[in-house]
Amino acid sequence: MGAKAMAPVVQFRAAVALAGRFPALAGVDLSVAAGEVVVIVGANGAGKTSLLRACAGLLPVTSGQAEVLGIDLTKDHTGVRRHVGLLGHAAPLYDELSAAENVRFAVRALGIPVASADAALERLGLVGRLRNTATGRLSAGQRRRVALAALLARRPALWLLDEPHAGLDAPTRLLLAHLISEAVVDGAAVLLSSHEPELSVPLSDRVVAMTGGRVTGEEPGGRTSATGRASVTDGQDPGEADGGRTSAGLAAVPATESAARPGSMGAWHVA
């Protein structure tokens with residue numbers, strides 16, 4: 001008898017989520033497996049952030065099927081929060097606390113050893129003066145690194161990254177690529193929204209397009225098959241990791257949103 005297939009980390013079928021009376025998600029179908037990186041693209045208002053927030057248990061799913069890590073979000077949308085890590089536009093940091101204090105607070109809240117916070121701070125280059133500076137005095141890029149360190153220290157089973165490259169300098173963008181690669185090797189899943197596909201697509205197994213709160217298209221990502229995945233080497237821009245295929249493909253991306261169909265990325269709108 002063959003081994004039982006592992007359940008998807010994310011399993012949405014006709015999932016609907018309301019923001020007030022507005023359907024932020026209007027029947028989403030999406031499955032994400034452990035060890036997989038999926039990039040979501042689409043115009044502003046397409047539902048990318050709403051999908052990430054729903055997966056994080058911050059936006060209730062009102063109908064359809066929505067399971068994350070085996071937890072039914074239609075019945076319990078808060079139980080998943082300790083198992084996922086969300087890097088959003090606004091980092092949930094306390095300005096009066098130092099970078100180290102913020103990251104340590106994040107792991108203590110989950111009962112994780114403080115040593116993981118210290119390791120994450122060092123990995124993100126938050127050492128010396130930066131480590132002990134009040135977060136409110138840090139630049140936007142430095143604050144982003146603090147939030148990323150807090151996520152890394154938690155070692156979540158599902159990484160939810162909303163425009164993760166925003167505010168990061170080139171070395172930190174490269175580091176982020178390595179962190180994502182390491183996370184999926186360890187069995188985590190990564191769901192990432194992006195307006196910068198030249199940076200995100202090379203890291204992905206699949207690229208999913210959203211329009212009007214629905215998934216409207218899907219294509220393979222920039223990583224190769226499991227026997228020979230493309231990787232980012234030291235000093236290499238993520239956009240170069242796939243031999244330039246992503247850059248070439250982006251030339252065909254239309255400048256305006258159009259109707260899409262499964263298997264067609266004609267609806268890519270990355271402005």
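Taking region 128-161 on its own, how many of its residues are under 19 Å from residue 189 (Cβ atoms), surrounded by fewer than 21 Cβ atoms within 10 Å (Cβ to Cβ) and modelled with pLDDT of 95 or more?
Residues meeting the conditions: 1.
Kindly indicate which of 26, 17 is buried (at least 22 other Cβ atoms within 10 Å of the Cβ) and touching a strand residue (DSSP E or B) at 6+ places or on another chain (Cβ under 9 Å).
Of 26, 17, the one residue that is buried (at least 22 other Cβ atoms within 10 Å of the Cβ) and touching a strand residue (DSSP E or B) at 6+ places or on another chain (Cβ under 9 Å) is 17.
Are there any pairs, at least 6 apart or on different chains, whose C-beta atoms fall under 7 Å, with the first in region 135-146 and of a type in the set (Asp, Glu) and the second assigned to a helix (DSSP H, G or I) and surrounded by 12 or more Cβ atoms within 10 Å (Cβ to Cβ), and if so, which?
So the pair list comes out empty.
Considering only region 162-197, state which residues are charged (D, E, K, R) and modelled with pLDDT of 90 or more.
162, 163, 169, 173, 182, 186
From 164, 171, which residue is surrounded by 22 or more Cβ atoms within 10 Å (Cβ to Cβ) and either charged (D, E, K, R) or more than 12 Å from residue 36 (Cβ to Cβ) (or both)?
On inspection, the qualifying residue turns out to be 164.
From 170, 189, 140, 150, grab the single residue that is within 12 Å of the chain's Cα centre (by Cα) and not β-branched (Val, Ile, Thr).
189
Quick one: how many residues across region 41-52 are closer than 14 Å to residue 77 by Cα and modelled with pLDDT under 95?
0
Can you tell me which of 38, 103, 16 is modelled with pLDDT of 95 or more, out of contact with any Gly (no Cβ under 6 Å at 6 or more places or on another chain) and outside any helix (DSSP H, G or I)?
Testing whether each residue is modelled with pLDDT of 95 or more, out of contact with any Gly (no Cβ under 6 Å at 6 or more places or on another chain) and outside any helix (DSSP H, G or I) leaves just 38.
Can you tell me how many residues in region 182-195 are in a helix (DSSP H, G or I), touching a residue at least 12 places away in the same chain (Cβ under 8 Å) and surrounded by fewer than 19 Cβ atoms within 10 Å (Cβ to Cβ)?
1
The values are calculated or read from the model by the stated rules, or taken from the named source; none is laboratory data. All values reported here derive from a predicted model rather than from experimental measurement. Here Cβ is always computed from backbone atoms with ideal geometry, including for glycine, and neighbour counts include all displayed protein chains.
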